[in-house]
Amino acid sequence: MELKIPRTFITLVAVFVTSLVTANVLATKLFMFGDFILPAGVIAYPITFLMTDVIGEMWGKKVVTKVVWAGFFCSLLAMSLGFIAVMLPAAPFYERQEFFAELFGRVGRITGASLIAYIVSQLNDVWVFHKLKDLTHGKHLWLRNNVGTISSQLFDTILFITIAFYGIMPTSVLFSMIMSQWLIKILIALFDTPFCYWLVAWCRNKNGYTKTFRIM
């Protein structure tokens, strides 16, 4: 019997991977939000938590965990391909090699920090989300959506900033960066709750939705 993969699942995974890979590129730019200095990746990365929450709500912990690991390898592949592209000899008339290298050639400490922070925070989000789902007997989606995302974003922020910048910046500056970025991420997490409800309802209303769907 042919297994039918729901279009809603494919759409959510596509948005998840796109947001994840895009966030890594956007993170190379810093912008001001009031008195806060933030990486531009903050506009894309929170979407990944929204997508995994919806996927987990619809298809369960095992499926969403596989999606998280797939995202890890997609991110690693994108970084590896970018590094290879930077190493290719530039054409004599190509004048943007330095900019290209800065954008796609990030390796080492920051790359490692990004990957470690991603996998720890995403797996924590999955665990907290489904633990709360069990404790509340499937009720209060808003609670597991927010608690899972907010706690996971704290792990993500602490791990990334500490691993990437410890020893380079004063501890007081690192603490300020962590708290300011986490505060912004909390606001984004609270803002995306209605979208979580809307996406879950959208998935349930589509003909392709089935509780028996699994991925290997």
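Return the total of residues in segment 88-134 being more than 18 Å from residue 59 (Cα to Cα) and either of a type in the set (Ser, Thr, Tyr) or free of Cβ contacts under 8 Å to residues at least 12 places away in the same chain (or both).
Looking only at that region, the number is 17.
Out of (1) surrounded by fewer than 18 Cβ atoms within 10 Å (Cβ to Cβ); (2) touching a Leu at 6+ places or on another chain (Cβ under 6 Å), what's the single condition that is false for residue 54?
Of everything listed in (1) surrounded by fewer than 18 Cβ atoms within 10 Å (Cβ to Cβ); (2) touching a Leu at 6+ places or on another chain (Cβ under 6 Å), residue 54 misses just condition (1).
Is it the case that residue 208 is in contact with a Phe, Trp or Tyr (Cβ under 9 Å, 6 or more places away or on another chain), at pLDDT below 85 and over 22 Å from residue 126 (Cβ atoms)?
On the way: in contact with a Phe, Trp or Tyr (Cβ under 9 Å, 6 or more places away or on another chain): yes; at pLDDT below 85: yes; over 22 Å from residue 126 (Cβ atoms): yes.
Yes; evaluated as a whole, the condition is true for this residue.
Inside segment 1-46, can you point out the residues that are β-branched (Val, Ile, Thr), under 25 Å from residue 190 (Cβ atoms) and in contact (Cβ under 8 Å) with a residue 60 or more places away in the chain?
Passing the criteria: 8, 37, 42.
Among all residue pairs at least 6 apart or on different chains, which show Cβ distances below 6 Å where the first residue, located in segment 174-192, is under 19 Å from residue 54 (Cα atoms) and the second is among the β-branched types (Val, Ile, Thr)?
186/150; 189/149; 189/150
Can you go through 99, 155, 175, 160 and tell me which one is at pLDDT 85 or above, under 24 Å from residue 42 (Cβ atoms) and surrounded by fewer than 16 Cβ atoms within 10 Å (Cβ to Cβ)?
Of the residues listed, the single one that is at pLDDT 85 or above, under 24 Å from residue 42 (Cβ atoms) and surrounded by fewer than 16 Cβ atoms within 10 Å (Cβ to Cβ) is 175.
Which residues, counting only those in segment 158-177, are more than 17 Å from the chain's Cα centre (by Cα) and part of a helix (DSSP H, G or I)?
Selection gives 162, 163, 164, 165, 171, 172, 173, 174, 175, 176, 177.
Is it the case that residue 101 is part of a helix (DSSP H, G or I) and over 19 Å from residue 49 (Cβ atoms)?
yes
Among 8, 52, which is over 16 Å from residue 121 (Cα atoms), assigned to a helix (DSSP H, G or I), modelled with pLDDT of 85 or more and of a type in the set (S, T, N, Q)?
When all the criteria are applied, what remains is 8.
Out of the residues in segment 22-33 that are buried (at least 19 other Cβ atoms within 10 Å of the Cβ) and part of a helix (DSSP H, G or I), state the one that is modelled with the lowest pLDDT.
24
Determine which single condition residue 128 fails, assuming it passes every other condition in (1) buried (at least 17 other Cβ atoms within 10 Å of the Cβ); (2) over 21 Å from residue 154 (Cα atoms).
For residue 128, the failing item is (2).
The values are calculated or read from the model by the stated rules, or taken from the named source; none is laboratory data. This structure is a prediction, so every number in the text was calculated from the model and none was measured. Reconstructed Cβ throughout: ideal geometry from the backbone, glycine too, with neighbour counts over all protein chains shown.
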